[in-house]
Amino acid sequence: MDFNLTPEQQAVQQRARQFAQEEVAPLARETDESGVFPLHLVRRMGELGFLTPTVPTTYAGSGMDHLSFALIYEELGQADSSVRGFLAVHGSLVANCINDWGTEQQKRQYLPYLATGEMIGCYCLTEPNAGSDAASIETTAREDGDDYVLNGEKIWITNGNIAHIAIVFASIDREQRHRGICAFLVPTDTPGFIREKMPGKELGHRSSDHAHITFDECRVPKSALLGEVGGGFKVAMSALDHGRLGVAAGALGVAQACLDACIDFTRKRRQFGKRIADMQMIQATLADMAADVQAARLLVYHAAWMKQQGLPTTKETSMAKLFATEAAVKAASEAVLIHGGRGYSNEFPVERYYRDIKGLQIYEGTSHIQRIVIARELVGRE
């Protein structure tokens, strides 16, 4: 088994690292405080080929492999989880979903513009009464001649207020639960597509755009259907397989950033006449953190490698997301503790890592849901 990155993957990693550290990281504290997403970075990511990395070049994508995409997520995760979260939705949940399920016309209509950032995508699944239980969505799609008419609401839709195209999940027959769900490609300027900022202030990911979206007799043509009638649940779950890998890789980036910050701080911080890096309790914490980071990296890279081989990856992706997010939560907590009073303010970025990582533990399937997914893959269902 070869654990070395190819020259092409190394080049992607280096390009992503330079972008993350030189263009994203310097803005992270400012955008976290302002709560405004740095939109100018979207076109920049398009120029670098980061917006639709695994989409074929036929549709203006970069034609990268899935491990290269994971490397981009990892580097962005170290710099700013809000920017990484934008990409997970735009590049994985939307662009990859259209590439997997779209008609030729749909691919040519949307993918080239998603690749450049001329269009931004959002993914409308979560509702007030349907999160982990996606089959219980209450948004409806009613047939009316050559159209479908959408009614309902979605919450916590990342990119929702800045997006140009949305993948919207709605049911044509709620009694059929997951068998009645359909996916639709809906331009956000469609009449009846109403969006506003989510109320309150987020714990983390504060510069991410989170929307509350309402559909009021929102009419779309039948050509907007993505995939088959009643096949929306499959579309949603396949998209989440893409997105969860992005979350896992982003969490790996957060964990690595926490480790790097702690190594740097403990070398400089002196107490009782010596570096705190030389104290056994601190060394034990750093050693455990480093082991968890490396284990998470292997799980993430392996899941990406399997996806590239065209193998089923639901279990492996859920394992990677579960372990990487839990390891990063622990790393962020320890990082704040090691930094002491400095870690308790935004003077050092570990305070932001601590807030941001809770979001990764929750969205695109909580840690509880990942455990259910993994267990079902192991033992099956009667």
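Hey, could you check region 179-234 for residues that are hydroxyl-bearing (Ser, Thr, Tyr) and in contact with a Lys or Arg (Cβ under 8 Å, 6 or more places away or on another chain) and say which is nearest to Phe37 (Cα to Cα)? Before you say what the answer is, go through the steps one by one.
First, the residues of region 179-234 that are hydroxyl-bearing (Ser, Thr, Tyr): 188, 190, 207-208, 214, 223.
Those left that are additionally in contact with a Lys or Arg (Cβ under 8 Å, 6 or more places away or on another chain): 188, 190, 214.
Working: Thr188: 18, Thr190: 24, Thr214: 22 Å.
It comes out as Thr188.
Return yes or no: is Val235 touching a residue at least 12 places away in the same chain (Cβ under 8 Å), in a strand (DSSP E or B) and closer than 26 Å to Tyr113 by Cα? Answer is no for this residue.
Can you say whether Arg297 is among the charged types (D, E, K, R), farther than 30 Å from Phe193 by Cβ and free of Cβ contacts under 8 Å to residues at least 12 places away in the same chain, as far as the supplied structure shows? Against the criterion (among the charged types (D, E, K, R), farther than 30 Å from Phe193 by Cβ and free of Cβ contacts under 8 Å to residues at least 12 places away in the same chain), Arg297 does not qualify.
Could you say whether any residue in region 166-177 is touching a Gly at 6+ places or on another chain (Cβ under 9 Å), assigned to a loop (DSSP other than H, G, I, E, B) and over 20 Å from Asp100 (Cβ atoms)? For region 166-177, residues touching a Gly at 6+ places or on another chain (Cβ under 9 Å), assigned to a loop (DSSP other than H, G, I, E, B) and over 20 Å from Asp100 (Cβ atoms): present.
Quick test for you: out of Ala277, Ala290, Ala284, Ala303, pick the one residue that is in contact (Cβ under 8 Å) with a residue 24 or more places away in the chain, more than 30 Å from Lys201 (Cβ to Cβ), small (Gly, Ala, Ser) and surrounded by fewer than 21 Cβ atoms within 10 Å (Cβ to Cβ). Walk me through how you get there before you give the answer.
Values: Ala277 fails: in contact (Cβ under 8 Å) with a residue 24 or more places away in the chain; Ala284 fails: in contact (Cβ under 8 Å) with a residue 24 or more places away in the chain; Ala303 fails: surrounded by fewer than 21 Cβ atoms within 10 Å (Cβ to Cβ).
Just one listed residue meets the conditions, Ala290.
Across region 110-133, the qualifying residues are those that are hydroxyl-bearing (Ser, Thr, Tyr) and not in a helix (DSSP H, G or I), and the one among them that is farthest from the chain's Cα centre (by Cα) is Ser132.
Exactly one residue out of Glu143, Glu175 is more than 25 Å from Lys107 (Cα to Cα), more than 21 Å from the chain's Cα centre (by Cα) and not assigned by TED's automatic domain parsing to the domain that holds Val36: that is Glu175. In region 202-212 there is no residue that is surrounded by 20 or more Cβ atoms within 10 Å (Cβ to Cβ) and within 19 Å of Asp144 (Cα to Cα).
In the set Glu351, Glu326, only one residue is at pLDDT 95 or above and over 30 Å from Asn4 (Cα atoms); that residue is Glu351. Of the residues screened, Ser367 is one that is without any contact (Cβ under 8 Å) to a residue 60 or more places away in the chain and of a type in the set (Gly, Ala, Ser). Looking across region 96-109, the residues that are in contact (Cβ under 8 Å) with a residue 40 or more places away in the chain, in a helix (DSSP H, G or I) and farther than 16 Å from Thr57 by Cβ come down to Cys97, Asp100, Trp101, Gln105, Gln106. In a residue-by-residue description of region 48-56, the property of being surrounded by fewer than 24 Cβ atoms within 10 Å (Cβ to Cβ), farther than 23 Å from Ile162 by Cβ and in contact (Cβ under 8 Å) with a residue 12 or more places away in the chain applies to at least one position.
So, in region 166-183, of the ones that are surrounded by fewer than 23 Cβ atoms within 10 Å (Cβ to Cβ) and of a type outside the set (Lys, Arg), which residue ends up nearest to Gly91 (Cα to Cα)?
His178
Conditions (1) assigned by TED's automatic domain parsing to the domain that holds Glu30; (2) of a type in the set (D, E, K, R); (3) buried (at least 23 other Cβ atoms within 10 Å of the Cβ); (4) more than 16 Å from the chain's Cα centre (by Cα), marked per residue:
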position: Thr317; (1), (2), (3), (4): no, no, yes, no
position: Lys321; (1), (2), (3), (4): no, yes, yes, no
position: Lys330; (1), (2), (3), (4): no, yes, no, yes
position: Gly340; (1), (2), (3), (4): no, no, no, yes
position: Glu347; (1), (2), (3), (4): no, yes, no, yes
position: Ile357; (1), (2), (3), (4): no, no, yes, no
position: Gln361; (1), (2), (3), (4): no, no, no, no
position: Ile372; (1), (2), (3), (4): no, no, no, yes
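Note on region 134-159: residues that are free of Cβ contacts under 8 Å to residues at least 60 places away in the same chain, among the small types (Gly, Ala, Ser) and surrounded by 17 or more Cβ atoms within 10 Å (Cβ to Cβ) total 1. Counting only residues that are farther than 18 Å from Gln106 by Cα and in a helix (DSSP H, G or I), region 199-232 holds 0 of them.
The values are calculated or read from the model by the stated rules, or taken from the named source; none is laboratory data. What you see is a predicted model; the values in this text were computed from it and never measured. All Cβ positions, even for glycine, are placed from backbone atoms using ideal geometry, and neighbour counts span all protein chains on display.
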